[in-house]
Amino acid sequence: MRKAIGIVVLTAAAASCLAAPVSAAPTPGHGASLTRAVCDGGNQPTNGFECGSDLAVARHEGDGPTGVRHVDDAYIWLGELAGFYAKVGGDLQTMLAAPVEGVQAVNVSVRACADGRDCVNGAWPTYYSDRRVVFSHGLFSDDTFGHEFAHGVQDYYGVVESGKQGEVGAVREGVADVLGELFDLTNGTPDTTDRWKMGDGSVFGVYRDMDDPTLRRMPDRKGGQYWSTRGSPVINAAVIDKLGFLISEGQTFNGQTITGIGTARSAALWFAVVRNQPKGADFRAIAATLREVCASNARDGVAGTSNADCAQVEKAITATQLER
Ligand SMILES: [Zn+2]
């Protein structure tokens, strides 16, 4: 995968299509080990949430189940997430590990709680920052888990530093949604109901309808109904949500009849987008990156990707008015 993308993109013809040099791709087979650390805030308010310092490690790599559901689910999901990225040539340990009790570990703090917040139902604190993911009790679900760690993958490839505001921020949030939902759809507990809903299974509940963002008054196309003219990343990310849904599942939408390429090819496609998107990518730049990496994946047969799949990607770009 790494070599395939690198070789193809570095040819003169392909390189001319990209706005920025291709970022470093992962080395398959290298560092295939995984060291996990799950810390538990126990739903008690604390001043900080960092795993191994503010909060104690509840489950180290190789430890047995603790009986605390969020701790044990997080441990399992980290293993599944490593598998999700390994399938498309990514190494979670390389991308996300940080020091925890003197060991480099992919780490997450669960049941974190801030003073004055609803420790059971609330959404805060849930975030990614500097190779550390924190989860409140309320927002804990496998799709949001995949979303927050996708921010870590973006960070590794320099996406986060390129901006969190406006369309650039909407791309960052939307791509994290797509990778998070693709994880949710393909992990050990794949969705049968609530497919393409973010937050399903959490106490907080569903907060994004990727299949139809308009259900939650968010836009399903650039410039369409509910489009945030002030450029709210959280609102306009819904266009990327819809794009991810259309590419994977297919639908007749906004004049285009799209046949879905499925979750496996989608995972390979979107991970390649993160690796290859130019700094500060807006919707137009993401459309160009999608074309480029899809063509590359088709040439190399990555996950069975074909030119016919890329024609579907093209239709989804048109349907969501990405280049409007
Ligand atoms: Zn996010």
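The values are calculated or read from the model by the stated rules, or taken from the named source; none is laboratory data. For clarity, every value in this text was computed on a predicted model and none was experimentally measured. With ideal geometry, Cβ positions are generated from the backbone for all residues, glycine too; neighbour counts draw on all protein chains shown. For the accessible areas, the whole protein counts, side chains as well, though only heavy atoms, and no ligand, DNA or RNA atoms are used. Shrake-Rupley method; radii C 1.70, N 1.55, O 1.52, S 1.80 Å.
Table for the structure above
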{"item": "Subset of the range 43-93 (residues that are of a type outside the set (Gly, Ala, Ser), within 21 Å of residue 186 (Cβ to Cβ) and open to solvent by 60 Å² or more (accessible area, probe 1.4 Å))", "result": "76, 87"}
{"item": "Test: residue in the range 120-138 that is open to solvent by 50 Å² or more (accessible area, probe 1.4 Å), outside the structural domain of residue 51 (by TED's automatic domain parsing) and over 20 Å from residue 72 (Cα atoms)", "result": "no"}
{"item": "Hits in the range 212-227 (condition: crowded, with 22+ Cβ neighbours inside 10 Å and assigned to a helix (DSSP H, G or I))", "result": "213"}
{"item": "The range 284-310, subset open to solvent by 50 Å² or more (accessible area, probe 1.4 Å) and of a type outside the set (S, T, N, Q), residue nearest to residue 171 (Cα to Cα)", "result": "284"}
{"item": "Cβ-Cβ under 7 Å pairs, at least 6 apart or on other chains, the range 167-178 side outside any helix (DSSP H, G or I), far side near the ligand (Cβ under 9 Å from one of its atoms)", "result": "none"}
{"item": "Only one of 288, 238, 264 that is assigned to a helix (DSSP H, G or I), in contact (Cβ under 8 Å) with a residue 40 or more places away in the chain and touching a Cys at 6+ places or on another chain (Cβ under 7 Å)", "result": "288"}
{"item": "Selection status of residue 139, at pLDDT 95 or above, more than 12 Å from the ligand (Cβ to nearest atom) and not charged (D, E, K, R)", "result": "no"}
{"item": "Single match in 148, 173 (criterion: modelled with pLDDT of 95 or more, open to solvent by 40 Å² or more (accessible area, probe 1.4 Å) and within 15 Å of the ligand (Cβ to nearest atom))", "result": "173"}
{"item": "Number of positions in the range 190-211 that are assigned to a loop (DSSP other than H, G, I, E, B) and either touching a residue at least 60 places away in the same chain (Cβ under 8 Å) or of a type outside the set (Asp, Glu) (or both)", "result": "14"}
{"item": "Conditions (1) of a type outside the set (S, T, N, Q); (2) away from the ligand (no atom under 16 Å from the Cβ); (3) open to solvent by 40 Å² or more (accessible area, probe 1.4 Å): number failed by residue 155", "result": "(2)"}
{"item": "Every residue from the range 158-170 that is open to solvent by 20 Å² or more (accessible area, probe 1.4 Å), away from the ligand (no atom under 11 Å from the Cβ) and not small (Gly, Ala, Ser)", "result": "161, 165, 167, 168"}
{"item": "Residue 258 more than 19 Å from the chain's Cα centre (by Cα) and under 21 Å from residue 197 (Cα atoms)", "result": "yes"}
{"item": "Residue match in the range 186-196 (condition: touching an Asp or Glu at 6+ places or on another chain (Cβ under 9 Å) and within 16 Å of the ligand (Cβ to nearest atom))", "result": "no"}
{"item": "Flag if residue 31 is at pLDDT below 95 and open to solvent by less than 40 Å² (accessible area, probe 1.4 Å)", "result": "yes"}
{"item": "Any hit, the range 249-261, residues being within 26 Å of residue 187 (Cα to Cα) and either among the basic types (Lys, Arg) or part of a helix (DSSP H, G or I) (or both)", "result": "yes"}
